[in-house]
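Everything on this sheet refers to the single structure shown next.
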Amino acid sequence: MAIREDRRPTLASWPKRIYDWEELPERFRPALEVWRAQGLPPGNVTYIPKVHQYKKGVEYVTAWLGEEVLLLTGGDRGVDSTLVRPGDVVRMTYTIQLLKCFVEVLLDRGGETVTVGFSYNRTKEDQLFPVLNLLLGNAPDHRPGLTHPANPALERLLTDSYAMYNNSKLCYRFGDTIRDSLWVPGRNYGLQTFRKQKPEYFVGRMDRGVVAIHTDFYARRTVYLTWDRIREVAVEEAAFRGPGPRRRPALVLKTTCGEPVALPLLPGQEEAAKAFAARLL
(Lines give C-alpha, C1' and ligand atoms only; values in the text may rest on other atoms or scores of the structure.)
Protein backbone atom coordinates (compact mmCIF):
# COMPACT_ATOMS: atom_id res chain seq x y z
CA MET A 1 0.00 0.00 0.00
CA ALA A 2 1.40 3.37 -1.03
CA ILE A 3 1.84 5.94 1.73
CA ARG A 4 0.52 9.36 0.93
CA GLU A 5 3.17 12.02 1.19
CA ASP A 6 2.30 15.40 2.59
CA ARG A 7 3.96 17.85 0.19
CA ARG A 8 2.55 21.01 1.71
CA PRO A 9 5.05 23.65 2.89
CA THR A 10 5.95 23.61 6.58
CA LEU A 11 4.02 26.84 7.05
CA ALA A 12 0.77 24.91 6.46
CA SER A 13 1.12 23.22 9.86
CA TRP A 14 1.62 26.41 11.88
CA PRO A 15 -1.13 27.82 14.12
CA LYS A 16 -2.83 30.76 12.42
CA ARG A 17 -4.13 33.77 14.31
CA ILE A 18 -7.43 34.94 12.85
CA TYR A 19 -7.50 38.55 11.63
CA ASP A 20 -10.79 38.35 9.72
CA TRP A 21 -13.71 36.03 10.46
CA GLU A 22 -13.70 34.84 6.85
CA GLU A 23 -10.32 33.19 7.52
CA LEU A 24 -11.91 30.77 10.00
CA PRO A 25 -13.30 27.55 8.46
CA GLU A 26 -17.09 27.69 8.25
CA ARG A 27 -17.79 24.69 10.47
CA PHE A 28 -16.14 26.35 13.51
CA ARG A 29 -18.03 29.64 13.30
CA PRO A 30 -21.36 28.61 14.94
CA ALA A 31 -19.60 27.67 18.21
CA LEU A 32 -18.22 31.21 18.46
CA GLU A 33 -21.40 33.14 17.69
CA VAL A 34 -22.30 33.80 21.35
CA TRP A 35 -18.83 35.13 22.14
CA ARG A 36 -18.78 37.20 18.95
CA ALA A 37 -21.99 38.87 20.12
CA GLN A 38 -20.19 39.66 23.40
CA GLY A 39 -17.34 41.36 21.57
CA LEU A 40 -14.86 38.55 20.87
CA PRO A 41 -12.12 40.01 18.62
CA PRO A 42 -10.83 37.71 15.86
CA GLY A 43 -7.30 38.16 17.23
CA ASN A 44 -8.31 36.06 20.28
CA VAL A 45 -8.93 33.08 17.99
CA THR A 46 -6.25 30.71 16.68
CA TYR A 47 -6.88 28.08 14.02
CA ILE A 48 -4.62 24.99 14.12
CA PRO A 49 -4.74 23.20 10.74
CA LYS A 50 -4.95 19.48 10.20
CA VAL A 51 -1.39 18.36 9.55
CA HIS A 52 -1.80 14.58 9.46
CA GLN A 53 -1.31 13.31 5.92
CA TYR A 54 -4.08 10.73 6.29
CA LYS A 55 -7.83 11.42 6.24
CA LYS A 56 -8.34 11.05 9.98
CA GLY A 57 -6.34 14.09 10.97
CA VAL A 58 -7.83 16.58 13.44
CA GLU A 59 -7.91 20.36 13.38
CA TYR A 60 -8.42 22.67 16.33
CA VAL A 61 -9.54 26.17 17.21
CA THR A 62 -8.72 27.92 20.48
CA ALA A 63 -10.43 31.11 21.64
CA TRP A 64 -10.41 33.15 24.82
CA LEU A 65 -12.59 35.89 26.25
CA GLY A 66 -12.02 37.37 29.70
CA GLU A 67 -10.92 34.47 31.92
CA GLU A 68 -12.60 31.72 29.87
CA VAL A 69 -11.19 29.48 27.15
CA LEU A 70 -13.10 27.71 24.39
CA LEU A 71 -11.46 24.66 22.80
CA LEU A 72 -12.90 23.34 19.52
CA THR A 73 -11.89 20.03 17.96
CA GLY A 74 -12.88 19.26 14.39
CA GLY A 75 -12.86 15.68 13.13
CA ASP A 76 -14.82 13.46 10.78
CA ARG A 77 -17.87 13.51 13.06
CA GLY A 78 -18.16 17.25 13.37
CA VAL A 79 -16.96 19.81 15.92
CA ASP A 80 -16.66 19.20 19.67
CA SER A 81 -16.74 22.27 21.91
CA THR A 82 -15.37 22.53 25.47
CA LEU A 83 -15.67 25.63 27.63
CA VAL A 84 -13.04 25.98 30.37
CA ARG A 85 -13.80 28.34 33.24
CA PRO A 86 -11.50 29.40 36.10
CA GLY A 87 -11.20 26.57 38.63
CA ASP A 88 -12.16 23.83 36.16
CA VAL A 89 -8.60 22.64 35.49
CA VAL A 90 -7.43 19.76 37.68
CA ARG A 91 -4.10 19.49 35.90
CA MET A 92 -2.43 20.52 32.69
CA THR A 93 0.14 18.41 30.88
CA TYR A 94 2.42 20.09 28.34
CA THR A 95 4.50 17.84 26.07
CA ILE A 96 7.07 18.72 23.41
CA GLN A 97 8.35 16.29 20.77
CA LEU A 98 10.77 18.17 18.53
CA LEU A 99 8.52 20.94 17.16
CA LYS A 100 5.21 19.28 17.97
CA CYS A 101 3.46 20.31 21.18
CA PHE A 102 0.60 18.54 22.95
CA VAL A 103 -1.56 20.15 25.61
CA GLU A 104 -3.81 17.87 27.68
CA VAL A 105 -6.18 19.39 30.19
CA LEU A 106 -8.02 17.40 32.85
CA LEU A 107 -11.25 19.13 33.89
CA ASP A 108 -13.44 18.66 36.95
CA ARG A 109 -17.10 18.50 35.99
CA GLY A 110 -18.91 18.12 39.29
CA GLY A 111 -16.84 15.19 40.52
CA GLU A 112 -16.45 13.65 37.07
CA THR A 113 -13.32 14.26 35.01
CA VAL A 114 -13.19 15.22 31.36
CA THR A 115 -10.02 15.25 29.28
CA VAL A 116 -9.59 17.67 26.39
CA GLY A 117 -6.55 18.75 24.48
CA PHE A 118 -4.98 20.05 21.30
CA SER A 119 -1.67 19.83 19.46
CA TYR A 120 0.23 22.35 17.35
CA ASN A 121 3.53 23.24 15.74
CA ARG A 122 5.69 25.03 18.30
CA THR A 123 7.00 27.51 15.73
CA LYS A 124 4.13 29.92 16.42
CA GLU A 125 3.47 29.03 20.06
CA ASP A 126 3.50 32.72 21.00
CA GLN A 127 0.01 32.99 19.48
CA LEU A 128 -1.24 30.45 22.03
CA PHE A 129 0.37 32.01 25.10
CA PRO A 130 -2.91 33.66 26.26
CA VAL A 131 -4.69 30.29 26.14
CA LEU A 132 -1.87 28.45 27.90
CA ASN A 133 -1.74 31.19 30.53
CA LEU A 134 -5.47 31.03 31.25
CA LEU A 135 -5.42 27.23 31.51
CA LEU A 136 -2.64 27.60 34.09
CA GLY A 137 -4.55 30.25 36.03
CA ASN A 138 -2.46 33.21 34.86
CA ALA A 139 -3.42 36.49 33.25
CA PRO A 140 -3.55 36.24 29.43
CA ASP A 141 -0.54 38.54 29.01
CA HIS A 142 1.64 36.81 31.62
CA ARG A 143 5.27 36.37 30.59
CA PRO A 144 7.16 33.80 32.70
CA GLY A 145 10.78 34.21 33.69
CA LEU A 146 13.40 32.81 31.34
CA THR A 147 16.38 32.68 33.72
CA HIS A 148 17.07 31.04 37.08
CA PRO A 149 17.94 33.30 40.01
CA ALA A 150 20.92 32.43 42.20
CA ASN A 151 20.08 29.11 43.85
CA PRO A 152 22.58 26.49 45.13
CA ALA A 153 20.43 23.50 44.10
CA LEU A 154 19.87 24.85 40.60
CA GLU A 155 23.53 25.76 40.26
CA ARG A 156 24.42 22.14 41.04
CA LEU A 157 21.84 21.06 38.46
CA LEU A 158 23.62 23.18 35.85
CA THR A 159 26.68 20.97 36.37
CA ASP A 160 24.82 17.67 36.73
CA SER A 161 22.31 18.08 33.88
CA TYR A 162 22.44 21.07 31.57
CA ALA A 163 19.30 19.82 29.77
CA MET A 164 17.20 19.64 32.93
CA TYR A 165 18.63 22.94 34.16
CA ASN A 166 17.01 24.56 31.13
CA ASN A 167 13.87 22.43 31.09
CA SER A 168 13.19 23.31 34.73
CA LYS A 169 12.53 26.89 33.62
CA LEU A 170 9.08 25.65 32.60
CA CYS A 171 8.27 25.87 36.31
CA TYR A 172 8.08 29.65 35.94
CA ARG A 173 4.87 29.32 33.98
CA PHE A 174 3.40 28.39 37.37
CA GLY A 175 5.09 30.95 39.62
CA ASP A 176 8.07 33.24 40.00
CA THR A 177 10.18 31.22 42.46
CA ILE A 178 11.13 27.55 42.83
CA ARG A 179 10.89 27.15 46.61
CA ASP A 180 12.22 23.59 46.73
CA SER A 181 13.12 20.95 44.16
CA LEU A 182 14.10 17.34 43.57
CA TRP A 183 16.17 16.15 40.60
CA VAL A 184 16.06 12.42 39.84
CA PRO A 185 18.56 11.17 37.23
CA GLY A 186 17.43 8.17 35.21
CA ARG A 187 18.68 4.76 34.23
CA ASN A 188 22.07 4.34 32.56
CA TYR A 189 21.71 2.43 29.29
CA GLY A 190 25.35 1.35 29.25
CA LEU A 191 26.67 0.77 25.74
CA GLN A 192 23.45 2.16 24.27
CA THR A 193 24.00 5.56 25.88
CA PHE A 194 24.88 7.03 22.49
CA ARG A 195 21.40 6.06 21.26
CA LYS A 196 19.25 6.98 24.24
CA GLN A 197 19.20 9.86 26.66
CA LYS A 198 18.77 8.84 30.27
CA PRO A 199 15.26 9.77 31.40
CA GLU A 200 15.37 12.47 34.06
CA TYR A 201 12.77 13.89 36.43
CA PHE A 202 12.49 17.24 38.15
CA VAL A 203 9.87 18.29 40.68
CA GLY A 204 9.57 21.93 41.60
CA ARG A 205 7.67 23.29 44.59
CA MET A 206 6.02 26.57 43.64
CA ASP A 207 3.80 28.92 45.62
CA ARG A 208 0.72 27.81 43.65
CA GLY A 209 1.46 24.13 43.35
CA VAL A 210 3.84 21.49 42.03
CA VAL A 211 5.47 21.10 38.62
CA ALA A 212 6.75 17.66 37.57
CA ILE A 213 9.00 17.40 34.49
CA HIS A 214 10.07 14.26 32.61
CA THR A 215 12.78 14.55 29.96
CA ASP A 216 14.20 11.85 27.70
CA PHE A 217 15.59 11.54 24.18
CA TYR A 218 12.20 11.84 22.48
CA ALA A 219 10.13 14.29 24.50
CA ARG A 220 9.76 16.65 27.42
CA ARG A 221 6.59 16.28 29.49
CA THR A 222 5.53 18.80 32.14
CA VAL A 223 2.63 18.33 34.55
CA TYR A 224 1.17 21.27 36.48
CA LEU A 225 -0.83 20.62 39.68
CA THR A 226 -2.32 23.22 42.05
CA TRP A 227 -2.14 22.64 45.81
CA ASP A 228 -5.91 22.24 46.19
CA ARG A 229 -5.81 19.29 43.77
CA ILE A 230 -3.00 17.39 45.54
CA ARG A 231 -4.30 14.93 48.11
CA GLU A 232 -1.13 13.05 49.11
CA VAL A 233 2.56 12.77 48.20
CA ALA A 234 4.38 9.56 49.07
CA VAL A 235 7.11 7.15 48.02
CA GLU A 236 5.54 3.80 47.21
CA GLU A 237 5.40 1.14 44.53
CA ALA A 238 3.67 2.07 41.30
CA ALA A 239 2.99 0.35 37.98
CA PHE A 240 4.95 1.37 34.88
CA ARG A 241 5.07 0.26 31.27
CA GLY A 242 8.21 -0.60 29.36
CA PRO A 243 11.30 -2.67 30.15
CA GLY A 244 12.11 -3.66 33.70
CA PRO A 245 9.82 -4.60 36.58
CA ARG A 246 6.19 -3.59 36.11
CA ARG A 247 6.03 -2.27 39.68
CA ARG A 248 8.82 -0.07 40.98
CA PRO A 249 9.37 2.45 43.78
CA ALA A 250 8.18 5.88 42.76
CA LEU A 251 7.44 9.37 44.01
CA VAL A 252 3.65 9.44 43.69
CA LEU A 253 1.50 12.58 43.70
CA LYS A 254 -2.11 11.60 44.33
CA THR A 255 -4.78 14.06 43.26
CA THR A 256 -8.40 14.67 44.23
CA CYS A 257 -9.49 13.22 40.87
CA GLY A 258 -7.73 11.56 37.98
CA GLU A 259 -4.81 9.16 37.93
CA PRO A 260 -1.80 9.83 40.21
CA VAL A 261 1.41 11.29 38.80
CA ALA A 262 4.22 8.77 39.42
CA LEU A 263 7.94 9.33 38.87
CA PRO A 264 10.02 6.12 38.98
CA LEU A 265 12.98 5.91 41.36
CA LEU A 266 16.19 3.94 41.05
CA PRO A 267 17.96 2.22 43.97
CA GLY A 268 19.51 4.83 46.24
CA GLN A 269 17.04 7.57 45.34
CA GLU A 270 14.23 6.70 47.74
CA GLU A 271 15.52 8.49 50.84
CA ALA A 272 15.95 11.81 49.04
CA ALA A 273 12.48 11.41 47.53
CA LYS A 274 10.93 10.66 50.93
CA ALA A 275 12.55 13.74 52.45
CA PHE A 276 11.26 15.87 49.60
CA ALA A 277 7.74 14.41 49.91
CA ALA A 278 7.75 15.26 53.63
CA ARG A 279 8.66 18.87 52.84
CA LEU A 280 5.94 19.26 50.21
CA LEU A 281 2.85 18.72 52.36
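Quick notes on this structure:
- Spread over its residues, the convex hull of the C-alpha atoms of the chain is 172 Å³ per residue.
- Extension gain for T177 to Q38 (0.36 nm times residue separation, less C-alpha to C-alpha distance): 46.4 nm.
- Percent carbon-and-sulfur accessible area, the stretch 63-135, ignoring ligands, DNA and RNA, probe 1.4 Å: 46
- Placing +1 on each Lys and Arg Cβ and -1 on each Asp and Glu Cβ, with no other charges, gives the stretch 89-231 a dipole about its Cα centre of roughly 400 debye.
- Note on the stretch 101-165: Cα convex hull, mean projected area over all directions, 6.7 nm².
- Segment A278..K198, full-extension length gain: 26.1 nm, with 0.36 nm per residue of separation and the alpha-carbon distance subtracted.
- Measuring between alpha carbons in the structure, the pairs from K100/K254; K124/K169; K169/K254; K50/K124 lying more than 21 angstrom apart are K100/K254; K169/K254.
- With every protein chain in place, the stretch 203-250: carbon and sulfur % of accessible area (1.4 Å): 49
- The relative contact order of the chain, computed from alpha carbon pairs under 8 Å that lie at least 6 residues apart in sequence, is 12 percent.
- Chymotrypsin sites (Phe, Trp or Tyr not before Pro), loop per DSSP, at most 16 other Cβ atoms within 10 Å - longest free stretch of the chain: 55-188
- Dividing the summed helix terms, -39500 (n - 2.57) for each DSSP H run of n ≥ 4, by the number of residues in the chain produces a 222 nm estimate of -3500 deg cm²/dmol to the nearest 500.
- Placing a pseudo-label 7 Å from each Cα along the Cα-to-Cβ vector at R109 and E236 gives an inter-label distance of 2.9 nm.
- For the chain, the per residue solvent-accessible surface stands at 55 Å², with DNA, RNA and ligands left out and a 1.4 Å probe.
- When the Cα positions of V131, H148, Y162 are compared along the charge dipole of the chain, Y162 comes out farthest toward the positive end, with charges on each C-beta of Lys, Arg, Asp and Glu.
- Degrees between helix 270-280 axis and first principal axis of the chain (Cα, 0 to 90, nearest 10): 60
- Over 13 Å [Cα-Cα, the stretch 221-260], rounded percent: 58
- Annotation note: trypsin sites (Lys or Arg not before Pro) in the stretch 77-117 located in DSSP loop regions with a Cβ neighbour count of at most 10 within 10 Å are R77.
- Measuring r between the beta carbons of F129 and C257 and using R0 = 22 Å, the FRET efficiency lands at 0.20.
- Highest-MSF residue in the chain out of L146, L72, L106 [GNM, Cα springs under 10 Å]: L146
The values are calculated or read from the model by the stated rules, or taken from the named source; none is laboratory data. Source: prediction; values computed, not measured. Backbone-built Cβ (ideal geometry, glycine too); neighbour counts: all protein chains shown. Keep in mind that these areas ignore ligands, DNA and RNA; they rest on the heavy atoms of the full protein, side chains included. Shrake-Rupley method; radii C 1.70, N 1.55, O 1.52, S 1.80 Å.
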